[in-house]
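The next block holds one structure in the form of structure tokens; read it before the comments.
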Amino acid sequence: MKTSQTIIIPFVILSIIIISSLSYFFINDFQKTLTEQVMDEIEEDIKIKTQSLENYFTSNTDKTKLYTIFPEIQGLLKFSEFGSSFNFDKNEWVGIMTMHFKEIIPTNPDIAQISILDIRGEEIVRINSDGKNIQAVSELELQNKNDQYYFKDTLVLSQNQVYISDIEFDEENKTPHESLIRFATLIADGSGENMGIMVITHSMDRIISSIAQTNIGSITIVDNNGQVIYDENNLKQFDSQLQTRYNYFEENPLFLDLIDTTFTIHDEEKQMYKFWNKVSNPNDPKKYVVIIVNVSQDAIFEPIQHTINNLYYFAIVFILVTVAITVILSSYIAKPFEGLIEGIKQVQKGDYDTKIKTSGSKEAIAIGESFNELSSTLKVLKQISNKYTKDCNNQLNEIKLTVDALDESMCLVKTNGDQDITYVNDRFCKLSGYTRDELLDKNLKSIQLEQHQQGSKNIAESILYKEIQYEDMRNKRKDGSIFWTRKTTIPIKNHANKIIEYLIIQENITQKVEHNEQSIEIERKEQQKRHLEKEFTKMVFHDIRDPISVISGNCEILKNTSNVNDFTENQKNAIESLCQNARKLDLQIEEMLNIYHINSHKINFKKSTFTVYLLIEKIIINFSSKIKEKQIKIVNDIDPLLRFSSDESYLSQVIDNLIQNALEFTPKDGGIIRINAKIEDQKIVFQIQDNGAGFSFKVQNNLLKNFYEIDTSNKREHKPYEIRIIICKGIIEELGGKMKIESHQGFGSTFYFELPFEI
Amino acid sequence: MKILIVDDNKDITDLFHKFLTLKKYLVEYVNDGKNGLSLMQDNNYDVLILDLAMPNFTGFDVLEELQKKNKTKSNNIIVLSAVPLTDTDEEMLKKYGVKEILRKPMELDALIEIIETYSKK
């Protein structure tokens, strides 16, 4: 509601202000206009009245002139001049005149009296009218009016001029006194000589009452003497008690000056307006009548008031309508806000399912739809965040458990950025030999001695641990004893990426280190021993071989001397024997060297690809003499297309040795040695088969068992065939293969060896 | 052809000397690496027979020094070894410009053959 209020109130206030001010000015203006209108009307009215009066004067003047033309009137005057010399019946004449005037008067009901006066002022005839009765007065009542002002004033006029008198009041009769006015004119005979005066006295009541009619205010009619001809308030005319006639000019002295200059005054004190107009006597400008209209302000406003009030009512209605419209509009505008606010409140409470209406103006619909979308999104987000909170809580719990587990199993230390200890767990206390309190007082560096040189990164102590670092540390216990730890330093950073503390896991590796040191020492000693052995062996072989070379060489020299016949048969045999034995010795040493190398896994095989069949053939050729001697057949059953990658020389040695063995045990005459090689399961299997005596089971086992006992320092003597088998096995195993014997006593033996097949 | 034999074993040097002289070659011999080196530097030989396993100054050292002085390419070098050599050793020897590697004991006939091939070139 507040939004609509925020909209309504200013709107309303604004509209009230605007409309009120507009209304005020407008109505004011209107009022003025209306007032002016009224005043104009009054003035207009005055003008009309003025015109009426003027017409009255003018028409009566004309009529007066007209009446003088009656010949009877002239005749009468003549008569009166000459007296009664004629046979003129005055009464008759009077009767005729009376009849005449009787005819005139009904058409001029204002006429109150008509009298004709002769040149001396003597009334000749006087006829009175009260409107109904028209009566000539008797002769006796006739008077001389020569002292009357009107008689005098008329006399000085020229013929055809009509004298209009001041307005007089008939004070003889009842009040209000009738106002009378006399129109008089000279009567001339045909020759132009003035004979007398006719005076027509008019009552002004009628004209005055017609003038006095006014819609607004009251009229006061004043003549040039200040006499109030008419006033609504009779007292202003004549005070019957005091018998005084009210004089307007005396009572309103300023007014006299104003008559000609202005036509309206506004007496603010009395709240009166005065409008007037002067109607001059057309025959005598000194004589005039002023028509005065007095209007109170209220009287002027009264007709207006109604209109003005209507206008005010209208303004109020207008304001109310505006307010109503504003209220409606603003609620229309505010409605979506209200809906939105309501919706938001709901959402704040946690109800994301709340939806607001999407109806009304385009904007309202847009707001509604956006809000609804938003609340749906919020709902989803809330769900996601709930899930994440859950996950986080779970992870936190896991972490907690991990930390607890760590705490249980490892030595934990926490330090600040300067490595002052802030926390230690029980294990570390035990390990370091200090109490918790003692440790909390210490800096970690005070326990550490140095880093273990082996297996650690060389980190200078002055460098801060910016990332997780691993070090092997040598530490000192409280009692001075040494203990080793594998120290993992984990820096904990705050959100500004500043290190606030270190979490240090200390793993006790004291035993390992010591063991390491021992084993390092052992290793070192071993290495040394091996090195010495190697050197020794080299030396031995070298020192043995040189003499043998010399012996062989010299033998050859002996053999090669041109004077071979210088030697006796015995000498020749001796030389031959020397050569052969030297050779044998050399071969023996070669074998021993091989065994030594096999033992120390020092053979460097040179691999080449060769045709197996041809290899075997080469070896067989070496035995050709022996074969002949023993009448034994060596059969090469190998597929001539079979190619194999291996060390030719060492492989040849193996086969050579095995053949030698076979030859030893194969009998003469009918002995066959078969050599074969096949590929099975990515392996090449060689077999050397003889039909000799064979070995017993016991001997077989022994043969294959003893290999790792071969040592140059071994005291047990081996038979040559054993040595050969040992050498073969060693070479085969070095080549990554296996050796096998199948033998039955009396049925011959087959030696198998397999090697990984490569090309 | 002039042949220089370098071997710490006097019997071997005597043997070679006798044998090769019989075959009509000019033979000089020394029993230590350093002397061998100085002889090589001062004189020109067609063939050098060099023993590897010598005390103090081995055949390898001789070869290294010879290579520094750029004398290896112009000579035919035969190397004698009592011990089997690794591939690395053989490669190194080849880099030094060794033409033949012979094992002890070698057949003297084989030696003669090799030398004869050099004399023909």
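The values are calculated or read from the model by the stated rules, or taken from the named source; none is laboratory data. In this text, all values refer to a predicted model and were calculated from it rather than measured experimentally. Positions of Cβ are generated from backbone atoms using ideal geometry, with glycine treated the same way; all protein chains shown enter the neighbour counts.
What the table shows:
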item	result
Residue list for the stretch B:99-120, filter: more than 14 Å from chain A (Cβ to nearest Cβ), free of Cβ contacts under 8 Å to residues at least 40 places away in the same chain and touching a strand residue (DSSP E or B) at 6+ places or on another chain (Cβ under 8 Å)	B:LYS99, B:GLU100, B:ILE114
Residue check, A:TYR388 in a helix (DSSP H, G or I), under 30 Å from A:ILE505 (Cβ atoms) and not assigned by TED's automatic domain parsing to the domain that holds A:LYS487	yes
All strands (runs of 3 or more DSSP E) inside the stretch A:200-312 with 2 or more residues being in contact (Cβ under 8 Å) with a residue 12 or more places away in the chain and crowded, with 17+ Cβ neighbours inside 10 Å	A:218-223, A:228-231, A:272-281, A:284-296
From A:ILE589, A:ILE619, A:ILE634, A:ILE627, residue being outside the structural domain of A:VAL654 (by TED's automatic domain parsing) and either in contact with a Cys (Cβ under 6 Å, 6 or more places away or on another chain) or buried (at least 17 other Cβ atoms within 10 Å of the Cβ) (or both)	A:ILE589
Subset of the stretch B:44-57 (residues that are surrounded by fewer than 20 Cβ atoms within 10 Å (Cβ to Cβ) and either at pLDDT 85 or above or under 17 Å from B:ILE114 (Cβ atoms) (or both))	B:ASP46, B:PHE57
Segments classed as strands (runs of 3 or more DSSP E), wholly inside the stretch A:101-179, with at least 1 members that are of a type in the set (Ser, Thr, Tyr)	A:111-118, A:123-129, A:162-164
For A:GLY131: the one exception among (1) at positive phi; (2) buried (at least 18 other Cβ atoms within 10 Å of the Cβ)	(2)
Pairs where the first residue, in the stretch A:513-535, is not assigned by TED's automatic domain parsing to the domain that holds A:TRP484 and the second is assigned to a helix (DSSP H, G or I), C-beta under 9 Å, 6+ apart	none
Whichever residue in the stretch A:513-537 is surrounded by 15 or more Cβ atoms within 10 Å (Cβ to Cβ) and of a type outside the set (A, V, I, L, M, F, W, C) and, among such residues, is nearest to the other protein chains (Cβ to nearest Cβ)	A:THR537
Criterion: within 18 Å of A:ILE505 (Cβ to Cβ), in contact (Cβ under 8 Å) with a residue 24 or more places away in the chain and of a type in the set (Lys, Arg) - qualifying residue of A:LYS430, A:LYS445, A:LYS400	A:LYS445
Cross-chain or 6+ apart pairs with Cβ under 9 Å, the stretch A:569-594 first and within 28 Å of A:CYS728 (Cβ to Cβ), then among the aromatic types (Phe, Trp, Tyr) and surrounded by 14 or more Cβ atoms within 10 Å (Cβ to Cβ)	A:ILE589/A:PHE541; A:MET592/A:PHE541; A:LEU593/A:PHE541; A:ASN594/A:TYR650
Conditions (1) farther than 20 Å from A:GLU734 by Cβ; (2) modelled with pLDDT of 80 or more; (3) out of contact with any Asp or Glu (no Cβ under 9 Å at 6 or more places or on another chain); (4) within 14 Å of chain B (Cβ to nearest Cβ); number of the one not met by A:GLU629	(4)
Number of positions in the stretch A:600-622 that are out of contact with any Asp or Glu (no Cβ under 7 Å at 6 or more places or on another chain) and either within 13 Å of chain B (Cβ to nearest Cβ) or at pLDDT below 80 (or both)	2
Condition met for A:SER376 (surrounded by fewer than 13 Cβ atoms within 10 Å (Cβ to Cβ) and either in contact with a helix residue (DSSP H, G or I) (Cβ under 7 Å, 6 or more places away or on another chain) or not assigned by TED's automatic domain parsing to the domain that holds A:TRP484 (or both))	no
Some residue of the stretch A:557-580 being aliphatic (A, V, I, L, M) and within 30 Å of A:ILE675 (Cα to Cα)	no
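Yes/no matrix, rows are residues, columns are (1) at pLDDT below 80; (2) within 14 Å of chain B (Cβ to nearest Cβ); (3) part of a helix (DSSP H, G or I):
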site: A:GLU501; (1), (2), (3): no, no, no
site: A:MET539; (1), (2), (3): yes, yes, yes
site: A:ILE551; (1), (2), (3): no, yes, yes
site: A:ALA574; (1), (2), (3): no, no, yes
site: A:ARG583; (1), (2), (3): no, yes, yes
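Per-residue answers, yes or no, for (1) surrounded by 15 or more Cβ atoms within 10 Å (Cβ to Cβ); (2) modelled with pLDDT under 80:
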residue: A:LEU140; (1), (2): no, no
residue: A:LYS152; (1), (2): no, no
residue: A:SER158; (1), (2): no, no
residue: A:GLN161; (1), (2): yes, no
residue: A:ASP166; (1), (2): yes, no
residue: A:GLU178; (1), (2): yes, yes
residue: A:ILE181; (1), (2): yes, no
residue: A:ALA184; (1), (2): yes, no
